[in-house]
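This report concerns only the one structure given below.
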Amino acid sequence: MILGYLILSLLFATLGNICVKLSSGFRRFLPSTASFGFIGLCLYFLTLSVETLEIWIAYAVWSGVSIAATTLFGIFLFNEEASRKKFISIGLIIIGVIIL
């Protein structure tokens, strides 16, 4: 269950970031509201995960994976530029998380 909280936090962080993009600068009500809800849930589950995980591990994994996931969703959902540099960076982030 320890990793379950961290995984839920990652899921909600990614959903929150997607909703921020969909909110068009917080001009659209539903995605704006959803972004606050998802980010709140993300922080709640991150808080639960650091009760049992060391904070440096939890935060390093959380930040790296959420950056990688958000970047991939940006590429596939919002047609953002898919460059070799982005994929190499995501690969390095994943390698770093695995090494932890």
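The values are calculated or read from the model by the stated rules, or taken from the named source; none is laboratory data. A quick note: this is a predicted structure, and the numbers were derived from the prediction, not measured. Because the Cβ atoms are built from the backbone with ideal geometry, glycine has one as well, and the counts that use them run over all protein chains shown. Accessible surface areas use protein heavy atoms only, side chains included; no ligands, DNA or RNA. Shrake-Rupley method; radii C 1.70, N 1.55, O 1.52, S 1.80 Å.
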³J(HN,Hα), Karplus 6.51/-1.76/1.60, whole Hz, each residue of the stretch 27-42, x for Gly, Pro: 8, 9, 5, 4, x, 5, 5, 4, 4, 5, x, 5, 5, x, 5, 4
What percent do you get for the relative contact order of the stretch 1-89 when only Cα pairs under 8 Å and 6+ apart count? 33 percent
Cα Rg, Dmax (largest Cα-Cα span) when computed across the stretch 10-89, Å: 13.9, 38
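With a probe of 1.4 Å, find how much accessible area the chain has per residue, and write the answer as a whole number in Å².
Numbers: 6530 Å² over 100 residues.
Here the residues of the chain average 65 Å² of exposed surface.
Within the stretch 1-99, list the trypsin sites (Lys or Arg not before Pro) lying in a DSSP loop whose Cβ has at most 10 other Cβ atoms in a 10 Å radius. Present the calculation step by step, with values, prior to reporting the outcome.
Details: sites: K21, R27, R28, R84, K85, K86; in loops: R27, R28.
Taking the stretch 1-99 and a limit of 10 other Cβ atoms within 10 Å, the loop trypsin sites (Lys or Arg not before Pro) found are R27.
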With θ set to phi - 60°, apply the Karplus curve 6.51 cos²θ - 1.76 cosθ + 1.60 along the stretch 93-100 and write out the HN-Hα couplings as whole Hz, x wherever there is a Gly or Pro. 4, 5, 4, x, 5, 5, 4, 4
In whole percent, and with a 1.4 Å probe on the protein chains, what portion of the accessible area of the chain is carbon and sulfur? 73 percent
Can you find, among N79, I95, T14, the residue sitting farthest towards the positive end of the charge dipole of the chain, where Lys and Arg contribute +1 and Asp and Glu -1 at Cβ? N79
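Provide the gained length on full extension for the span I99 to Y44, in nm with one decimal, where the gain is 0.36 nm per separating residue minus the Cα-Cα distance.
Numbers: separation 55, 0.36 × 55 = 19.80 nm, distance 2.59 nm.
Contour length minus the Cα-Cα distance gives 17.2 nm.
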Between the alpha carbon centres of the stretch 41-61 and the stretch 7-35 the gap in Å comes to 20 Å
Lys and Arg at +1, Asp and Glu at -1: add these up for the other residues within a Cβ distance under 15 Å of I75 and post the number. +2
Go ahead and run the numbers for FRET between Y59 and F87, Cβ-Cβ distance against an R0 of 22 Å, rounding to 0.05. 0.35
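To the nearest 20 Debye, how big is the dipole of the stretch 25-100 about its Cα centre, given +1 on the beta carbon of each Lys and Arg and -1 on that of each Asp and Glu?
Numbers: 5 positive and 4 negative charges, 71 e Å.
The dipole magnitude comes to about 340 debye.
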